[in-house]
Amino acid sequence: VTVPELERPRPEPSSPTRLSTLPVGATAVIVRILASGPIRRRLLEMGFVRGEALKVQKLAPLGDPMELVIKGYHLSLRREESACILVVKET
Amino acid sequence: MAAVALAGNPNSGKTSVFNALTGARHHVGNWPGVTVEKRSGTLPLDGRDVEVVDLPGTYSLAAQSEDERIAASFLLSPDVDVIVNVLDASNLERNLYLTTQLLELRRPLIFVLNMADDAERRGMAIDTEHLAGLLGGPVIPTVANRGQGIEELKRAISTVVRASAPQPQPALAAVGPASGATAGDAPAVMAAGPRVRYGDDLEREIEKLAREVARDEQVAERHGTRWSALRLLEGTADAEELLAGSHARLAIDRQRRTSREFLEHHLGADCPTLVAEQRYGASRAGSSGRSSASRPPNGAPGPTASTRSSRTAGWGSRSSSRSCCWSTS
């Protein structure tokens with residue numbers, strides 16, 4: 001029995017995940033900031049705006065903090081901050 | 001005494017520039033009422049002394065931290081004759097974010113591309129002339145810790161101080177019945193000069209809110225109506241204070257709610273996000289002059305399709321509300 005082309009499983013378009021779940025070396029694009037108030041504003045100022053690309057550079061044990069590259073510079077985020085950044089992982 | 005304020009991100013080499021300008025002639029104290037260090041010194045220029053104040057390094061003027069509050073309020077004071085914006089040349093896009101806010105102050109600005117040697121080593125060629133045209137002020141490459149470019153910077157400061165000194169405060173004579181968004185700006189405010197255009201939708205709401213702000217002459221005079229309107233939309237701490245103390249707060253707050261509601265619904269994000277996006281759009285456009293190295297290092301991905309299109313939308317061109325722009329009026 002041959003499976004028609006259309007029914008063959010295709011890779012799902014990746015859905016938004018929290019930045020804190022990404023492994024080292026992953027690249028992603030920012031979708032939304034879930035935080036509010038001062039943390040939200042601080043993240044926006046640091047360059048976490050919609051459509052911005054970033055790369056996970058290093059992870060400390062237990063993933064906290066996380067070092068990443070955004071806008072060409074290195075930045076460390078605590079887990080409480082990286083958990084409120086919604087990204088789409090790039091393949 | 002004329003005063004020069006040094007503003008810039010942390011680690012942009014602001015203090016190296018300060019030391020190079022003032023040499024040993026400086027003292028360290030505290031800002032009134034807080035434990036943040038205040039470094040000020042004197043720079044002998046054309047036979048007289050100019051005071052140089054090294055502001056705390058900040059990424060923004062949003063007045064969230066003590067440092068930012070101090071920087072923002074000092075920069076708004078009429079004592080400042082010229083602001084020297086120290087930028088890390090190898091991290092221009094990041095550093096220009098603060099610049100987009102400094103431009104809103106409408107004060108004479110000089111831009112220092114510090115650590116220019118570092119940027120060069122990394123293969124970044126910055127078109128200083130292009131940048132100067134964009135930002136509307138002199139752009140001076142320096143390597144402050146080795147004294148390079150400091151003489152050029154002194155000359156630029158001297159030119160600006162001389163230009164601003166003999167005028168007998170023309171802004172004071174202009175204070176009268178507030179009429180529209182441009183009336184009643186702070187003293188020594190320049191009428192024209194480049195600044196970020198936040199897109200048609202935001203600009204329209206800023207204008208409406210600025211009209212309500214103009215009802216309060218004191219606020220309009222001290223901070224300028226556009227600056228206040230922008231900060232009210234963003235909801236910065238000092239804007240909230242300003243609003244609470246204003247006799248026109250009912251009218252201002254009503255307009256702010258309407259504007260925010262409209263923008264959030266229409267553009268799909270809250271005001272702090274929209275404003276930050278536009279500022280970063282402008283920063284990206286400003287830093288893209290360094291063509292060869294505009295891609296992030298270490299294999300980080302380049303801009304997505306949408307940001308790439310806003311990058312090429314570039315300067316001055318009036319395009320859709322989503323794309324970034326600079327305006328010269």
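Taking amide hydrogens as modeled 1.01 Å from N in the peptide plane, which residues meet the under 5 Å criterion relative to A:Gln57, leaving out close sequence neighbours?
It is A:Gly25, A:Glu67, A:Leu68, A:Val69, by chain and number.
Under the definition of partner shielding as Cβ atoms of other protein chains within 10 Å of a residue Cβ, what is the mean value for peptide A:66-73?
If you average over the peptide's residues, the count of other-chain Cβ atoms is 6.
Indicate the gyration tensor shape class of segment A:27-77 (rounded, prolate or oblate), computed on the Cα atoms with a ≥ b ≥ c the square roots of the eigenvalues: a/c under 1.5 is rounded; otherwise a/b larger than b/c is prolate and the rest oblate.
Cα axes put segment A:27-77 in the oblate bin.
Quick one: accessible surface of B:Asp49, probe radius 1.4 Å, all protein chains present, in square angstrom to the nearest 10.
Number for this one is 80 Å².
With θ set to phi - 60°, apply the Karplus curve 6.51 cos²θ - 1.76 cosθ + 1.60 along segment B:56-62 and write out the HN-Hα couplings as whole Hz, x wherever there is a Gly or Pro.
So the J values, rounded to whole Hz, are x, x, 9, 8, 7, 10, 5.
Under 10 °C and 1.306 mPa s, how fast does chain A diffuse according to Stokes-Einstein, given a Kirkwood radius computed over C-alpha pairs? Answer in µm²/s, whole number.
Answer, rounded: 113 µm²/s.
Only bridges whose two residues both fall in segment B:9-126 count here: according to DSSP, what percent of them are antiparallel, nearest 5?
65
Quick one: Karplus J couplings for segment B:141-155, per residue in order, coefficients 6.51, -1.76, 1.60, θ = phi - 60°, nearest Hz, x for Gly and Pro?
Each residue of segment B:141-155 in turn: x, 9, 10, 4, 6, 10, x, 6, x, 5, 4, 4, 5, 4, 4 Hz.
Return the calculated 222 nm mean residue ellipticity for chain A, to the nearest 500 deg cm²/dmol, obtained by summing -39500 (n - 2.57) across DSSP H runs with n ≥ 4 and dividing by the residue count.
-3500 deg cm²/dmol
How many partner chain Cβ atoms sit within 10 Å of a residue's Cβ in peptide A:33-42, on average, as a whole number?
Other-chain Cβ atoms within 10 Å of each residue's Cβ, averaged: 3.
What average count of beta carbons from other chains do you get within 10 Å of the Cβ of residues in A:51-58?
5
Counting only heavy atoms of protein chains, what accessible area per residue, in Å², does segment B:26-66 have with a probe of 1.4 Å?
Value returned for segment B:26-66: 46 Å² of accessible area per residue.
Report the local net charge at B:Val36: Lys and Arg +1, Asp and Glu -1, summed over other residues whose C-beta lies under 12 Å from its C-beta.
Cβ neighbours under 12 Å give a net charge of -2.
For segment B:1-148, what Kirkwood radius comes out of the mean inverse Cα-Cα distance, in Å?
That comes to 15.5 Å for segment B:1-148.
Restrict the search to segment A:46-91; then list the GluC sites (Glu not before Pro) that DSSP places in a loop and that have at most 14 other Cβ atoms within 10 Å of their Cβ.
In loop regions of segment A:46-91 (DSSP not H, G, I, E or B), the sparsely surrounded GluC sites (Glu not before Pro) are A:Glu90.
I'd like the Karplus ³J(HN,Hα) series for segment A:68-75: coefficients 6.51, -1.76, 1.60, θ = phi - 60°, whole numbers in Hz, and an x wherever there's a Gly or Pro.
Result, rounded to whole Hz: 9, 10, 9, 6, x, 10, 8, 8.
Before anything else, pin down the relative contact order of chain A: Cα pairs under 8 Å, at least 6 apart, normalised by residue count, whole percent.
This gives 39 percent for chain A.
Among the listed pairs A:Lys58/A:Lys89; B:Lys14/B:Lys154; A:Lys55/B:Lys14, give every one whose C-alpha distance is greater than 22 Å.
A:Lys55/B:Lys14
Can you give the FRET efficiency for B:Arg162 and B:Arg204, using 1/(1 + (r/R0)^6), R0 = 30 Å, r = Cβ-Cβ distance, to the nearest 0.05?
Computed FRET efficiency for B:Arg162 and B:Arg204: 0.15.
How much of B:His223 can a 1.4 Å solvent probe reach, expressed as accessible area in Å² and rounded to 10?
40
With springs only between Cα atoms under 10 Å, which of A:Pro23, A:Pro65, A:Pro38 fluctuates most in a Gaussian network model of chain A?
Per the Cα network of chain A with a 10 Å cutoff, A:Pro38 tops the list.
In terms of solvent-accessible area of protein heavy atoms at a 1.4 angstrom probe, what is the ranking of B:Met1, A:Met46, highest value first?
Ranking B:Met1, A:Met46 by accessible area, largest first, yields B:Met1, A:Met46.
Whose amide H sits under 5 Å from the amide H of A:Arg32, counting only residues 5 or more places off or on another chain, with H placed in the peptide plane?
Here A:Leu86 satisfy the definition.
Compute, for B:Val52, the solvent-accessible surface of its heavy atoms (probe 1.4 Å) with the complete set of protein chains present, and express it in square angstrom to the nearest 10.
Ignoring ligands and nucleic acids, B:Val52 comes out at about 0 Å².
The values are calculated or read from the model by the stated rules, or taken from the named source; none is laboratory data. Here the structure is a predicted model, which means the values were calculated and not measured. A quick note on method: Cβ atoms are made from the backbone with ideal geometry, for glycine too, and the neighbour counts reach across all protein chains shown. Ligands, DNA and RNA are excluded from the accessible area calculation, which covers all protein heavy atoms including side chains. Shrake-Rupley method; radii C 1.70, N 1.55, O 1.52, S 1.80 Å.
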